[in-house]
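The values are calculated or read from the model by the stated rules, or taken from the named source; none is laboratory data. Just so it is clear, the structure is predicted and the values come from calculations on it, not from any experiment. Neighbour counts run over all protein chains shown; Cβ positions are idealised from the backbone, glycine included. Only protein heavy atoms, including side chains, enter the accessible area calculation; ligands, DNA and RNA are left aside. Shrake-Rupley method; radii C 1.70, N 1.55, O 1.52, S 1.80 Å.
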Amino acid sequence: LLLLCCTEEAAVIVSGLKNTDVFVGESATFTCELSHPGVKNVQWWLDGSPLHNNFVTEISEQDGMIHTLTLNDVACHDSGTVTFRAGSLISSAKLLVKGISLLE
């Protein structure tokens, strides 16, 4: 009988971030699923800047394994690279915010 301890080193990214395209004013959601709960030092970044939970940026966690970032009411300048980091694990994806062109 093998007893495996769920240490940070044992955790892997089961499902990483996916590139997301949204229009100005919409919400963009990124999800990263880890194989084990309890990984320390979880942080989200947008183009190298750390993100924090507020009314525009919603950061949530389910069962310690599914980490979700929702950016509300995005603007064109929010386009960039979203990065999720949990300990030594990293996943990144592109966020493209598209302007709305009015067709005559």
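The residue of the stretch 2-13 that is farthest from residue 80 (Cα to Cα), among those that are surrounded by 13 or more Cβ atoms within 10 Å (Cβ to Cβ) and modelled with pLDDT of 75 or more, is 11. Of the numbered criteria (1) open to solvent by 80 Å² or more (accessible area, probe 1.4 Å); (2) touching a residue at least 12 places away in the same chain (Cβ under 8 Å); (3) not in a loop (DSSP other than H, G, I, E, B), the one residue 83 fails is (1).
Can you find, within the stretch 14-66, the residue that is surrounded by the fewest Cβ atoms within 10 Å (Cβ to Cβ) among those that are of a type in the set (Gly, Ala, Ser) and either at negative phi or in contact with a helix residue (DSSP H, G or I) (Cβ under 6 Å, 6 or more places away or on another chain) (or both)? Write out each step before concluding.
Start the filter on the stretch 14-66 by keeping residues that are of a type in the set (Gly, Ala, Ser), which leaves 15-16, 25, 27-28, 35, 38, 48-49, 60, 64.
Those left that are additionally either at negative phi or in contact with a helix residue (DSSP H, G or I) (Cβ under 6 Å, 6 or more places away or on another chain) (or both): 15-16, 27-28, 35, 49, 60.
Details: 15: 13, 16: 15, 27: 13, 28: 20, 35: 14, 49: 9, 60: 11.
Per the stated criteria, the residue is 49.
Against the test of being open to solvent by less than 70 Å² (accessible area, probe 1.4 Å), part of a strand (DSSP E or B) and in contact with a strand residue (DSSP E or B) (Cβ under 9 Å, 6 or more places away or on another chain), the options 96, 69 yield a single qualifying residue, 69.
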